[in-house]
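Taking it in order: structure first as structure tokens, then the write-up.
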Amino acid sequence: MENLPNHALRSSGRATELDNVRGMKTETPTGRRSVLLPEGALPARVIVCERTGRWAVALRRELAGAGVRIRETRSLAECWEMLAESPGGFVVVELSAVHVDALLRQMTRLERDFPLARVAIVADRSLAHYEWLLREAGAVHFTTSTGRLGPVAQLACRHLAEAPSPPRTAKQEIWARLPWGDDE
């Protein structure tokens, strides 16, 4: 087990803990895995990766009453950098014929690198034949219409509601317990 460069395995009673580079994975006695966010991680957020902004506008319309803020990126690299800051994020990626291979590579590593993150794919109708390949790679939803983003908005809201909060520093913990304190 010493030859594992990025993590260390140790046992604590009936549970097994695995300290990963991105966070700590814990296998519970029931066999379910839970993942804790690393210290310094930002809370889960919605990240939209697209070139034009039309999907973000349509998704904002769907999320209007939910109070969910959308962060936009223009490249996969920038999107994954933002996901590294917020490893429990919900990502909406616009598929383009130019970056299909790069997106598939990123998605195959998603479970390992960001086990709490989820990805939905939006695309032009001409790329609809990629739907099942991307779903197999881990996409939670695929759509080719800006008018059909309701399910994506619902998935994003549910994901954000269930996402764990990052650990607080001692200072944040003290401020949160004060009657006049806030979470920031």
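Observations on the structure shown:
Condition check ((1) closer than 18 Å to L59 by Cβ; (2) at pLDDT below 95; (3) among the hydrophobic types (A, V, I, L, M, F, W, C); (4) not in a helix (DSSP H, G or I)) across all residues:
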residue: D101; (1), (2), (3), (4): no, no, no, no
residue: T108; (1), (2), (3), (4): no, yes, no, no
residue: R112; (1), (2), (3), (4): no, yes, no, no
residue: A128; (1), (2), (3), (4): no, no, yes, no
residue: H141; (1), (2), (3), (4): yes, no, no, yes
residue: P164; (1), (2), (3), (4): no, yes, no, yes
residue: A176; (1), (2), (3), (4): no, yes, yes, no
residue: P179; (1), (2), (3), (4): no, yes, no, yes
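- Among the conditions (1) surrounded by 12 or more Cβ atoms within 10 Å (Cβ to Cβ); (2) in a loop (DSSP other than H, G, I, E, B), the only one that L160 does not satisfy is (2).
For every residue, the table says whether it meets (1) crowded, with 19+ Cβ neighbours inside 10 Å; (2) modelled with pLDDT of 95 or more.
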| site | (1), (2) |
| --- | --- |
| P38 | no, no |
| P43 | no, no |
| V46 | yes, yes |
| C49 | yes, yes |
| R54 | no, yes |
| V57 | no, yes |
| E62 | yes, yes |
| G67 | no, no |
| S75 | no, yes |
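- Residue tally, condition under 18 Å from R45 (Cα atoms) and among the hydrophobic types (A, V, I, L, M, F, W, C), over region 91-106: 3
- Screening the candidates L160, L149, L110 for the property of being touching a residue at least 40 places away in the same chain (Cβ under 8 Å) and under 12 Å from the mean Cα position of the chain (by Cα) yields one hit, L160.
- Unmet criterion (only one of (1) outside any loop (DSSP other than H, G, I, E, B); (2) of a type in the set (G, A, S); (3) within 13 Å of A44 (Cα to Cα)) for G88: (1)
- Of all residues in region 164-184, none that is closer than 17 Å to S86 by Cβ and of a type in the set (D, E, K, R) has its Cβ atom under 6 Å from the Cβ atom of a residue that is assigned to a loop (DSSP other than H, G, I, E, B) and at pLDDT 80 or above, 6 or more apart or on another chain.
- Number of the exception - H99 against (1) more than 12 Å from the chain's Cα centre (by Cα); (2) buried (at least 19 other Cβ atoms within 10 Å of the Cβ); (3) of a type outside the set (K, R): (2)
The values are calculated or read from the model by the stated rules, or taken from the named source; none is laboratory data. None of the values given here were measured: they were computed from a predicted structure. Note that we place each Cβ from the backbone using ideal geometry, even for glycine, and neighbour counts take in every protein chain shown.
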